[in-house]
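The block underneath contains the structure these notes are about, expressed in structure tokens.
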């Protein structure tokens, strides 16, 4: 359930029965012809659908992340690593102070990995608390489903193209784009990265049939929910 659809008294009542909170992490960055909010949309939706039968509160997605390599694409916003870690730490501290002890982070953006390292450090500083950092898109079962569907898949390609990340009126290319040279790209600044990538797709087809996407989505939801359920420390 969305925390935005609860009041503080309802949260207080919930905490008498459970100490699990769900925090989605996203990003605002280029995704070729898809929404700039792809990572935020997907992280929050995975979190909500996975948590729904568990009755766990899902906090609003943190919609800005660490994405300096895309700053040459208008609309992309990046937070410095030190700032990002401080924001996530403050969120964790707030949750702990109110009685949450199990915090499940659903991450939708690879650049947010510093939050995963923070979670490990934060647990050492807060005995009795447990944090799970879950990259939903490359968790074992979900990644297997993606690779079995089409092994050529990456950022802004078909694997992020769901009905809820598309934009009305935008027609995507039909051809398969060659995969980018990742080693070369990682050595580039924002302007050079844009020149190399062009529209922003790292490689692969731009879309696949909705039935295939729904099958992958179902795997992702089931895998995420199972991790929410435990075991916990």
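Here, each number is a calculation from the coordinates, and none is a lab measurement. Remember, predicted model here, so these are calculated numbers, not experimental data. Don't worry about glycine lacking a Cβ; one is built from the backbone with ideal geometry, like all the others, and counts go over all protein chains shown.
Quick one: Debye curve from the alpha-carbon atoms of segment 40-126 only, equal weights, vacuum; give me log10 I(q)/I(0) at q = 0.10, 0.11, 0.16, 0.26 Å⁻¹ to two decimals. The computed values of log10 I(q)/I(0) come out as -0.28, -0.34, -0.70, -1.42.
Set against the 2.2 N^0.38 Å expectation for a compact globular protein, the chain has a Cα radius of gyration ratio of 1.04.
Relative contact order of segment 48-119: what whole-number percent is it, with Cα pairs under 8 angstrom and at least 6 residues apart?
Values: 40 pairs, mean separation 19.7, N = 72.
Relative contact order here is 27 percent.
With contributions of -39500 (n - 2.57) from each DSSP H run of at least four residues, the per-residue ellipticity at 222 nm computed over the chain stands at -12500 deg cm²/dmol. Computed over segment 150-233, the P(r) curve from all C-alpha pair distances, binned at 5 Å from the origin, holds 3, 12, 19, 18, 15, 13, 11, 7, 3, 0 percent per bin.
The angle separating the long axis of helix 210-229 from the principal Cα axis of greatest extent in the chain is about 30 degrees.
In percent, rounded to a whole number, the relative contact order of segment 3-229 is 24, using alpha-carbon pairs under 8 Å and six or more apart. Alpha carbon centre of segment 190-231 versus segment 18-89: separation in Å? Computed from Cα coordinates, the inter-centre distance equals 14 Å.
Using Cα pairs closer than 8 Å and at least 6 residues apart in sequence, work out the relative contact order for segment 1-90, in percent.
33 percent
How many percent of DSSP beta bridges within the chain run antiparallel, rounded to 5?
Details: 3 of 20 bridges.
Here the share of antiparallel DSSP bridges comes out near 15 percent.
Using the per-residue mean of other Cβ atoms lying within 10 Å as a proxy for protection, in what order, highest first, do the peptides 74-85, 56-67, 179-190, 133-144 fall? Intermediate results must be reported in sequence, preceding the final value.
Details: 74-85: 14.8, 56-67: 21.5, 179-190: 12.1, 133-144: 17.4.
With the highest mean Cβ count within 10 Å placed first, the list reads 56-67, 133-144, 74-85, 179-190.
Take the Cβ atoms of residue 54 and residue 150, set R0 to 35 Å, and the FRET efficiency comes out at 0.65. In degrees between 0 and 90, to the nearest 10, how far off the longest principal axis of the chain does helix 81-98 point, with axes built from Cα atoms? Helix 81-98 and the main axis of the chain meet at about 30 degrees.
The slack in the chain from residue 124 to residue 182, taken as 0.36 nm per residue of separation less the alpha-carbon distance, amounts to 17.5 nm. The long axis of helix 38-51 is offset from the longest Cα principal axis of the chain by roughly 40 degrees. Ordering 2-8, 93-99, 47-53 by mean Cβ neighbour count within 10 Å, with the highest value first, yields 47-53, 93-99, 2-8.
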